[in-house]
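The values are calculated or read from the model by the stated rules, or taken from the named source; none is laboratory data. Quick caveat: nothing in here was measured; it's all calculated off a predicted structure. When we count neighbours, we look across all protein chains shown, and the Cβ atoms used for this are built from the backbone with ideal geometry, even at glycine. Note: accessible area is taken over every heavy atom of the protein model, side chains too, but ligands, DNA and RNA are not part of it. Shrake-Rupley method; radii C 1.70, N 1.55, O 1.52, S 1.80 Å.
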Amino acid sequence: MASLEFYTDDIRSRLGTDSGINATMKFDFGKDGVIYVDAKNVPHSVDNEDRKADCTMKISLPNFTKMADGKLNPAIALATGKIRIKGN
């Protein structure tokens, strides 16, 4: 399983400095920590500070890894409660 640091760096490199998303998002992995994405400000930032976000996705790190590896369908994960989304 990949680490929180791995996914933080991966999201940071994929997001770039100006994606046009204009929102904040938090991936909440419970006891394993969070990844906070600020795509409102340019340049964008990605870190592990637990702050309020426009949208929060709660998911376990093992399930996030499965989803990233294509082994967990996001729609099924949402329907079965493996992912919970709050906000816009």
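Numbers for the structure displayed
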{"item": "So Thr8, is it touching a His at 6+ places or on another chain (Cβ under 9 Å) and either of a type in the set (S, T, N, Q) or on the phi > 0 side of the Ramachandran plot (or both)", "result": "no"}
{"item": "Matching residues, the range 17-34, being part of a strand (DSSP E or B) and either modelled with pLDDT under 95 or under 18 Å from Gly81 (Cβ atoms) (or both)", "result": "Phe27, Asp28"}
{"item": "So Phe64, is it outside any helix (DSSP H, G or I), touching a residue at least 12 places away in the same chain (Cβ under 8 Å) and either of a type in the set (Gly, Ala, Ser) or surrounded by 14 or more Cβ atoms within 10 Å (Cβ to Cβ) (or both)", "result": "no"}
{"item": "Checklist (1) under 22 Å from Ser3 (Cα atoms); (2) touching a residue at least 12 places away in the same chain (Cβ under 8 Å) applied to Lys40, failing item", "result": "(1)"}
{"item": "Of the criteria (1) under 15 Å from Phe6 (Cβ atoms); (2) in contact with a Cys (Cβ under 8 Å, 6 or more places away or on another chain), which one Lys66 fails", "result": "(2)"}
{"item": "Considering residues of the range 59-88 that are under 15 Å from the mean Cα position of the chain (by Cα) and among the hydroxyl-bearing types (Ser, Thr, Tyr) only, the residue farthest from Lys31 (Cα to Cα)", "result": "Thr65"}
{"item": "Extreme residue, nearest to Lys52 (Cα to Cα), among residues of the range 20-29 that are open to solvent by 50 Å² or more (accessible area, probe 1.4 Å) and not aliphatic (A, V, I, L, M)", "result": "Asn22"}
{"item": "Yes/no for Ala77 being under 28 Å from Asn22 (Cβ atoms) and open to solvent by less than 40 Å² (accessible area, probe 1.4 Å)", "result": "yes"}
{"item": "Total residues in the range 40-51, condition open to solvent by 30 Å² or more (accessible area, probe 1.4 Å) and in contact with a Gly (Cβ under 9 Å, 6 or more places away or on another chain)", "result": "3"}
